[in-house]
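The values are calculated or read from the model by the stated rules, or taken from the named source; none is laboratory data. Remember, predicted model here, so these are calculated numbers, not experimental data. Glycine also receives a Cβ, built like all others from the backbone with ideal geometry; neighbour counts cover every protein chain displayed. We work out accessible area using only protein heavy atoms, side chains counted, and drop any ligands, DNA or RNA first. Shrake-Rupley method; radii C 1.70, N 1.55, O 1.52, S 1.80 Å.
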Amino acid sequence: FTKRSPFRSKAITQAAKGEDCAVCGRNDGTTVFCHLNDGWAGKGMGQKSDDFAGFFGCHYCHKCYDSNVSHIEDWLIMRAMYRTWRRLLDRGILRVKE
């Protein structure tokens, strides 16, 4: 097996600064890019998922997503990921090749 190279983009991860949380809408200055915790998204032993597999999340929602104590339903995470992609498209950080 060859080791998979994850997709990394500082433009995507740094775009979270100053954004509203894509889960709860909070804008308290703690929003970061939250990587998905699933193997299908590229998560592995000691490796975060790809930098487009995630969402903008405030400290509270990020903590809830990463912990086993508080659970955020999968549909909320998928909606947050869509909202994040939409913001990245609107800002020109993600582009679709025509």
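General remarks:
- Residue-averaged [θ]222 nm for the chain, counting only DSSP H segments that reach four residues, each worth -39500 (n - 2.57): -9000 deg cm²/dmol
- Ranked by the mean number of other Cβ atoms within 10 Å per residue, highest first, peptides 84-94, 15-25, 54-64 order as 54-64, 15-25, 84-94.
- Annotation: aspartates and glutamates with alpha-carbon distance below 19 angstrom to Lys48 (same-chain offsets under eight excluded): Asp38, Asp66, Asp74.
- Computed over protein heavy atoms with a 1.4 angstrom probe, the accessible surface ordering of Asp51, Asp74, largest first, is Asp74, Asp51.
- Whole-angstrom gap from segment 12-26 to segment 52-98, using each part's C-alpha centre: 8
- Calculated P(r) tail over 24 Å for the chain, as whole % of Cα pairs: 19
- Additional length obtainable on full extension of the chain from Asn37 to Lys97, 0.36 nm per residue less Cα span: 18.8 nm
- Set of segment 43-80 residues, backbone N closer than 18 Å to the point 7 Å along the Cα-Cβ line of Asp20: 55-62, 76-80
- Taken per residue, the accessible surface of segment 14-98 reaches 64 Å², heavy atoms only and a 1.4 Å probe.
- Computed extension gain for Met45 through Asp74, at 0.36 nm per residue and net of the alpha carbon distance, reaches 8.3 nm.
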